[in-house]
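K.L.:
Got a structure here, written out as structure tokens. Questions coming.
The values are calculated or read from the model by the stated rules, or taken from the named source; none is laboratory data. This structure is a prediction, so every number in the text was calculated from the model and none was measured. We place every Cβ from the backbone using ideal geometry, glycine too, and count neighbours over all the protein chains shown. Ligands, DNA and RNA are stripped out before the accessible areas are found, and what is left, the full protein with its side chains, is counted by its heavy atoms. Shrake-Rupley method; radii C 1.70, N 1.55, O 1.52, S 1.80 Å.
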Amino acid sequence: MRSDINTADLESILSVIEDDNRYIRKLNLEYRIKDNKFYIGCVYGDTFNTLIKKNYLEALSKEVINMYERCLFPLSILKIHDFTINIEINDRGGFIQEEQYVEIIIPVEAFDKLSTLSQLYSKFKKLLPLYPIINSIEVQGEKKRLNQIRIHLYTNEKSYLKNENKTDFLGQWVASFNNFLDYIPEAPFNTKVKVQNGMLNPIQLINEEEKW
């Protein structure tokens with residue numbers, strides 16, 4: 001199920017959640033700058049036991065309201081980039097917190113190092129207010145080209161509301177990619193990189209099963 005809802009209308013989000021008699025196992029909320037709306041997608045499970053439906057929906061609604069007011073709505077006001085969040089939900093209506101991040105997907109469309117760095121500088125500059133709440137990134141590509149960068153944001157911070165001009169972060173990120181672009185392989189790759197206090201750790205190609 002997928003419905004479009006006005007960005008300022010929390011009631012519409014809640015009505016989609018409550019308009020079914022089944023558990024919601026996964027919830028996807030996506031914000032698109034172009035039309036200034038949220039889009040919601042739900043993966044449903046079994047039918048409710050009517051004895052617990054009220055408590056389940058109350059708990060889930062409380063979680064959604066908290067997430068919306070704390071994180072999603074303030075991010076949508078900034079209008080920095082499209083973003084999405086995927087949330088798993090337990091049988092009691094609570095969010096499963098492990099690895100829960102807002103995700104920004106940045107496509108990269110360039111064919112040489114110079115144009116790639118120029119494009120990254122422009123895209124990373126837009127993210128400056130968000131650097132304090134970036135947890136990690138995923139870097140993807142193939143055939144000696146960078147194709148996509150996924151930015152993962154913490155959901156329990158409001159640091160992005162400070163809107164500070166953190167140009168030291170921007171320079172460090174571009175310098176890191178400047179070094180990395182010299183070693184991009186022919187084979188497809190997807191590598192994860194931690195971000196600490198806004199600064200990007202060295203970008204290294206690792207096996208998918210390796211952890212940070």
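K.L.:
Suppose the filter is touching a Gly at 6+ places or on another chain (Cβ under 6 Å) and open to solvent by less than 50 Å² (accessible area, probe 1.4 Å); does L27 pass it?
P.N.:
Taking the combined requirement at face value, the residue does not satisfy it.
K.L.:
Same structure again: Answer yes or no: is there a residue in region 37-49 that is free of Cβ contacts under 8 Å to residues at least 24 places away in the same chain, open to solvent by less than 50 Å² (accessible area, probe 1.4 Å) and more than 15 Å from L14 (Cβ to Cβ).
P.N.:
Looking through region 37-49, at least one residue is free of Cβ contacts under 8 Å to residues at least 24 places away in the same chain, open to solvent by less than 50 Å² (accessible area, probe 1.4 Å) and more than 15 Å from L14 (Cβ to Cβ).
K.L.:
Can you go through F38, F111 and tell me which one is touching an Asp or Glu at 6+ places or on another chain (Cβ under 8 Å) and within 30 Å of Q148 (Cα to Cα)?
P.N.:
F38
K.L.:
Turning to a different aspect of this structure: Quick check on this structure: which one of N90, N55 is out of contact with any strand residue (DSSP E or B) (no Cβ under 8 Å at 6 or more places or on another chain) and surrounded by fewer than 16 Cβ atoms within 10 Å (Cβ to Cβ)?
P.N.:
Exactly one of N90, N55 is out of contact with any strand residue (DSSP E or B) (no Cβ under 8 Å at 6 or more places or on another chain) and surrounded by fewer than 16 Cβ atoms within 10 Å (Cβ to Cβ), namely N55.
K.L.:
Here is a further query. Taking into account only those residues within region 113-125 that are closer than 14 Å to D168 by Cα and either open to solvent by 10 Å² or more (accessible area, probe 1.4 Å) or part of a strand (DSSP E or B) (or both), which is modelled with the lowest pLDDT?
P.N.:
K125
K.L.:
Turning to a different aspect of this structure: Checking R70 against (1) under 11 Å from Y31 (Cβ atoms); (2) out of contact with any Leu (no Cβ under 9 Å at 6 or more places or on another chain), which test does it fail?
P.N.:
With respect to (1) under 11 Å from Y31 (Cβ atoms); (2) out of contact with any Leu (no Cβ under 9 Å at 6 or more places or on another chain), R70 is out only on (1).
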